[in-house]
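The values are calculated or read from the model by the stated rules, or taken from the named source; none is laboratory data. What you see is a predicted model; the values in this text were computed from it and never measured. Backbone-built Cβ (ideal geometry, glycine too); neighbour counts: all protein chains shown. These area figures cover heavy atoms from the full protein model, side chains too; ligands, DNA and RNA do not enter into them. Shrake-Rupley method; radii C 1.70, N 1.55, O 1.52, S 1.80 Å.
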Amino acid sequence: MIKITLPDGSIKEYNEAVSGYQIAVDISPRLAKEVLSITVNEEVWDLQRLITNDSSIKLHKWDDEEGKHAFWHSSAHLMAEALEAMYPGIKLGIGPSIENGFYYDVDLPEGKVITDSDFPKIEAKMKELAQQKNEYNRSEVPKAEAMDFYSKKDDEYKVELINDLEDGTITFYKQGNFTDLCKGPHLQNTGLIKAIKILSVAGAYWRGDETRKQLTRVYGITFPKQKMLEEYLVLLEEAKKRDHRKIGRELELFAFSQRVGQGLPLWLPKGAQLRERLENFLKKIQKQHGYQQVIAPHIGLKDLWVTSGHYEKYGKDSFQPINTPAEGEEFLLKPMNCPHHCEIYKVKQHSYKDLPIRYAEFGTVYRYEQSGELHGLTRVRGFTQDDAHIFCRPDQLKDEFKKVMDIVFIIFNALDFKDFTAQVSLRHQTDHSKYIGSDENWEKSENAILEAVKEKDLNYVVEYDEAAFYGPKLDFMVKDALGRQWQLGTIQVDYNLPERFDLEYVGSDNQKHRPVMIHRAPFGSMERFVAVLIEHTAGKFPLWLTPEQAVILPISEKYNDYAKKVLNFLNNYDIRTLIDDRNEKIGKKIRDN
RNA sequence: GCCGAUGUAGCUCAGUUGGUCAGAGCAGCUGAUUUGUAAUCAGCAGGUCGGGGGUUCGAAUCCGUCCAUCGGCUCCA
């Protein structure tokens with residue numbers, strides 16, 4: 001007798017091994033039609049796999065991540081099958097499901113490339129194969145046999161993957177004539193995949209390693225219904241319309257110039273106004289929260305960055321030192337504001353009573369991002385951080401975190417980012433070798449963050465091994481109007497710089513102590529934030545931010561004088577107003593404004 | 001930086017196999033119209049077809065190269 005426990009606690013009993021699909025059928029035929037995968041004791045399984053022991057299960061439909069995952073993962077196999085048929089001799093890397101769809105990394109035969117024009121052919125082949133309703137069959141394979149299979153196919157990528165796997169854990173999935181190394185889970189058959197779209201093709205290094213061969217990555221997405229694909233394509237169109245690069249140009253907010261250099265945004269008058277209003281808004285809040293504005297130059301002696309450690313870690317890949325007429329004198333463009341702020345901290349002695357000290361600056365920094373990585377305002381080589389550094393005592397960490405979070409919430413609220421989550425990035429759970437600072441301090445600060453997040457009742461996820469080498473951090477992700485995730489604000493603890501700059505304060509015990517430093521930027525950078533804001537609002541900014549709050553449209557020249565009176569009236573109330581006194585019809589004026 | 005794609009007027013795009021192919025619409029300028037809610041009329045001006053090479057009698061069109069942009073990869077203090 002096998003006992004199957006459902007999520008609601010009810011129990012079904014079976015006399016012999018039973019598949020997830022059978023359980024679904026027993027619950028309701030409708031469910032059986034929609035179910036895609038099953039979680040059996042925390043492990044996601046195929047529906048057709050037999051459950052032989054007492055288990056608790058959960059069935060997944062399209063709406064569950066697990067259901068989509070199985071669907072798209074199976075689609076990746078389907079695409080691989082199509083590609084293998086179309087490009088004999090093709091070698092396969094990995095083909096996972098991703099947030100929106102799936103991809104497969106392939107090594108094409110000599111001289112072959114895949115371009116956009118091949119997409120319809122791939123889609124057609126996939127559809128043909130899908131209609132055969134081939135079953136996805138799971139089989140456990142001994143390591144030697146798996147090796148043998150891929151050695152014969154001369155697929156060094158799969159061989160490498162198998163090498164890293166333990167004997168006894170290796171499974172193959174086969175549908176139609178296609179067999180793939182895979183741990184699953186998969187759909188029952190290919191027939192469920194009704195709507196198919198190949199989205200793009202790109203190069204991707206094998207295992208993300210720049211020194212290894214670049215494979216061809218083919219991206220696609222599939223749906224159980226044609227209508228869902230159409231809706232998705234509409235969403236993509238909408239995202240295209242909201243592209244901040246397009247809207248930024250149309251609204252004359254910012255521009256780029258090849259003569260100035262790539263990745264170096266030029267803020268046009270309207271964009272500069274918008275940004276200034278955001279900055280003033282934040283300045284006001286920061287003042288209320290005990291911040292002091294400071295201003296530092298855009299360059300610093302190389303030694304400053306040697307001291308901070310940035311030179312050693314990033315020097316090679318950064319803008320190179322600026323030489324001066326003086327022999328051996330070198331300056332670096334600042335890639336961060338913190339070293340300057342550390343020096344500001346050091347100008348005078350601090351008592352424990354002075355802390356926390358909060359220095360804020362809209363500091364423009366320069367980082368030499370790789371050319372292929374530049375993207376509109378979201379990825380640039382010169383940008384302005386809404387930066388601040390908080391120097392505090394270890395016992396003040398939690399409170400300071402909570403205060404910074406308050407600022408972040410004020411901003412998100414004011415700008416209508418309703419849906420956001422936080423990611424707490426902590427050390428690797430066991431291997432602490434790469435981190436600077438004592439275990440004791442790390443534990444303190446990690447706990448401080450976790451407690452702060454809990455006390456603020458925040459939606460959050462914890463990620464291990466995502467902390468910086470110098471301290472744990474808390475990042476904020478917002479979902480925009482189209483449901484896309486963006487990482488915005490960040491709060492980071494830093495034990496490294498106070499050490500390197502030998503920062504201290506005098507404690508109540510009359511001894512010198514090391515302060516803890518917090519880096520924080522609620523917007524992240526002005527450039528990135530404005531980009532996200534544009535895409536979130538489609539360029540229709542809240543009234544308090546928008547460059548033109550009102551436009552007066554005189555019906556003819558006769559009324560221009562009156563229009564000016566109205567203009568003065570509105571301007572007196574600080575309402576940003578323009579007159580459209582062009583010699584145009586009123587309909588056109590309305591259209592244009 | 002790497003892979004792939006793209007690059008024609010400020011913007012959006014035509015330009016078939018190399019031979020009046022340098023075009024259109026919008027925007028701009030000039031003039032007319034003096035207007036009541038999504039395109040008023042007429043005219044003008046705009047481009048070494050991304051740059052610089054090569055092939056050819058002849059290149060926007062073909063080939064290599066550089067630059068930039070786009071989609072990814074990698075990285076992100």
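Excluding same-chain residues fewer than 8 positions from A:Lys3, which lysines have a Cα within less than 29 Å of its Cα?
The qualifying lysines are A:Lys12, A:Lys33, A:Lys58, A:Lys61, A:Lys68, A:Lys183.
Subtracting the Cα-Cα distance from 0.36 nm times the residue separation, let me have the gained length for A:Asp439 to A:Glu110 in nm, one decimal.
Answer, rounded to one decimal: 113.2 nm.
Roll a 1.4 Å probe over the protein chains and send me the accessible area per residue for chain A in Å².
Spelled out: the 1.4 Å probe surface of chain A, per residue, equals 52 Å².
Report the normalised scattering of segment A:550-592 as log10 I(q)/I(0) at q = 0.15, 0.25, 0.31, 0.32 Å⁻¹, calculated by the Debye formula with identical scatterers on the alpha carbons.
Once normalised to I(0) and log-transformed, intensities are -0.33, -0.81, -1.06, -1.09.
Name the residue from A:Trp442, A:Asn496, A:Ser117 whose Cα lies farthest towards the positive end of the charge dipole of chain A, charges +1 on Cβ of Lys and Arg and -1 on Cβ of Asp and Glu.
A:Ser117
Going by amide H atoms built from the backbone, whose H comes under 5 Å of the H on A:Asp419, apart from near neighbours?
For A:Asp419, whose amide H was placed from the backbone, the distant partners under 5 Å are A:Lys479.
Taking only Cα atoms, what is the 0 to 90° angle, nearest 10, from helix A:65-86's long axis to the longest principal axis of chain A?
Computed tilt is about 70 degrees.
Starting with the highest mean, order A:50-56, A:341-347 by the number of other Cβ atoms within 10 Å, averaged over the residues of each peptide.
Packing proxy ranking, top to bottom: A:341-347, A:50-56.
What does the helix-only formula give at 222 nm for chain A: each DSSP H stretch with n ≥ 4 adding -39500 (n - 2.57), the total divided by the residues, and the result rounded to the nearest 500 deg cm²/dmol?
Only helices count here, giving -10500 deg cm²/dmol.
Of all accessible surface on chain A at a 1.4 Å probe, what whole percent is carbon and sulfur?
48
When only C-alpha pairs under 8 Å and at least 6 residues apart count, what is the relative contact order of chain A, in percent?
It comes to 9 percent, rounded to a whole number.
What are the ³J(HN,Hα) values, in whole Hz, obtained from phi via the Karplus relation 6.51 cos²θ - 1.76 cosθ + 1.60 with θ = phi - 60°, for each residue of segment A:232-245 in sequence order, with x given for Gly and Pro?
Result, rounded to whole Hz: 5, 5, 4, 4, 4, 4, 4, 4, 5, 5, 8, 3, 5, 5.
Among bridges DSSP assigns within chain A, what percent are antiparallel (round to 5)?
Roughly 85 percent of the beta bridges in chain A run antiparallel, per DSSP.
Local charge sum around A:Leu187 (other residues, Cβ-Cβ under 10 Å, Lys/Arg +1, Asp/Glu -1)?
Once positives and negatives cancel, what remains is -2.
Would you work out which of A:Val44, A:Ser56, A:Ala24 lies farthest towards the positive end of the dipole of segment A:2-61? Charges go on Cβ: Lys and Arg +1, Asp and Glu -1.
A:Ala24
Set the bar at 18 Å for Cα to Cα. Now go through A:Lys197/A:Lys227; A:Lys434/A:Lys473; A:Lys398/A:Lys444; A:Lys302/A:Lys434 and name every pair that lies beyond it.
Going by Cα-Cα distance, A:Lys302/A:Lys434 fall outside the 18 Å limit.
Find how many whole Å separate the alpha carbon centroid of segment A:300-361 from the alpha carbon centroid of segment A:123-146.
57
Could you tell me the center-to-center distance, by alpha carbons, between segment A:5-22 and segment A:475-510 in angstrom?
48
Where nothing but the Cβ of Lys and Arg (+1) and of Asp and Glu (-1) is charged, how large is the charge dipole of chain A around its Cα centre, in debye to the nearest 20?
2300
Check the straight Cα-Cα distances from A:Lys283 and name the lysines below 17 Å, setting aside those fewer than 8 residues away within the same chain.
A:Lys403
At what distance in angstrom do the alpha carbon centres of segment A:570-593 and segment A:224-276 lie from each other?
One Cα centre to the other: 25 Å.
Give me the three principal axis extents of segment A:66-239 from the C-alpha atoms, as integers in angstrom, largest value leading.
48, 35, 26
How high is the relative contact order of segment A:2-61, in percent, counting Cα pairs under 8 Å that sit 6 or more residues apart?
Relative CO of segment A:2-61 lands at 42 percent.
How would you order A:352-361, A:291-300 from highest to lowest mean count of nearby Cβ atoms within 10 Å?
Per-residue mean Cβ counts within 10 Å order the peptides as A:352-361, A:291-300.
Per residue of segment A:107-122, what does 6.51 cos²θ - 1.76 cosθ + 1.60 with θ = phi - 60° give for ³J(HN,Hα)? Whole Hz please, x for Gly and Pro, Karplus curve as stated.
10, 6, x, 2, x, 9, 9, 10, 10, 3, 6, 8, 4, x, 5, 5
What residue among A:Thr216, A:Ala204, A:Gly191 has its Cα farthest toward the positive end of the dipole of segment A:191-236, where the charges are +1 on Lys, Arg and -1 on Asp, Glu, each on the Cβ?
A:Gly191
Which whole-Hz ³J(HN,Hα) couplings does segment A:129-140 yield from phi under the Karplus relation 6.51 cos²θ - 1.76 cosθ + 1.60, θ = phi - 60°, glycine and proline marked x?
With the stated coefficients, segment A:129-140 comes to 5, 4, 5, 6, 6, 5, 7, 8, 9, 8, 9, 8 Hz.
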